Amino acid sequence: MISVLMCGGKGTRMYDATGVEKPLQKVKESTLIERVLHALMSSRMFEKIVAITSVNTPRTTSFIHDLSYTYTEIEVMETAGHGFSRDLSAAVSCFKPARAFIVPADLPLLNAKTVQCIIARCPASRPCVSILLEKSFVEKLGITASVVVRSLGRTLYCHSGISVIDSSKLEAGFNLIEHYVVMNEIEIAFNVNTKRELGLSEHIIDNGGPNQGYLGPLH
């Protein structure tokens, strides 16, 4: 299995007057992307980690390239930056055949145990599995749910941004049927898009929240 780390978005909601790209925003002493990379590497579930950057994130591209000299399991692929779905499709199509763990670079509370748990919950027989959370659970934490889907009942769910895709099942022009797994876990609920949410995640860490296994800055 490989991990595909999405870090090429424009991050327009994370306004920063200094021009710091969202993956390089800091929670405590380390960047968002370093925290996610720690979770992925510490899980020991992946043969390699491919960071998908774009023309929107040149500083992030340079940052990851520097890391890859030390951590050989990290690779960089730069896309055209046409949006999450198109960039993801372009990236995954290059990895056939492979089972890919897709994760955004803005989950500062993610840890190795949660990564392992997600993979265990995703049936290998399903070519496309997306991790959802109940919208009410996310909002109680003070986070704004960005992508919302409705179940067959009245419960609303939102995407965590994490999915597992079997790229060997991909065919040109064919959309995989999406299977859903619901996990109301704080570690994946904090998909940080704003400065306020960045501050909330820091508050949770300051109060001993879920960040097991975090080792500090990679640099």
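Checking the conditions here, which among SER68, SER62, SER85 is hydroxyl-bearing (Ser, Thr, Tyr), under 14 Å from GLY9 (Cα atoms) and in a helix (DSSP H, G or I)?
SER85
Spot the failing condition for MET45; the list is (1) closer than 16 Å to VAL192 by Cα; (2) modelled with pLDDT of 90 or more, and only one is missed.
(1)
Yes or no: the range 132-140 includes at least one residue that is over 30 Å from GLY19 (Cα atoms) and of a type in the set (Asp, Glu).
The answer is yes, given that some residue of the range 132-140 is over 30 Å from GLY19 (Cα atoms) and of a type in the set (Asp, Glu).
So which pairs qualify, if the first residue must be in the range 54-74 and charged (D, E, K, R) and surrounded by fewer than 20 Cβ atoms within 10 Å (Cβ to Cβ), the second must be assigned to a loop (DSSP other than H, G, I, E, B) and modelled with pLDDT of 90 or more, the Cβ gap must be under 7 Å, and the two must be at least 6 apart or on different chains?
From residues that are charged (D, E, K, R) and surrounded by fewer than 20 Cβ atoms within 10 Å (Cβ to Cβ), the pairs are ARG59/GLU21.
Identify all residues within the range 10-36 that are at pLDDT 80 or above, out of contact with any strand residue (DSSP E or B) (no Cβ under 7 Å at 6 or more places or on another chain) and part of a loop (DSSP other than H, G, I, E, B); write none if there are none.
Result: VAL20, GLU21, LYS28, GLU29.
The values are calculated or read from the model by the stated rules, or taken from the named source; none is laboratory data. Computed from a predicted structure; not experimentally measured. Positions of Cβ are generated from backbone atoms using ideal geometry, with glycine treated the same way; all protein chains shown enter the neighbour counts.
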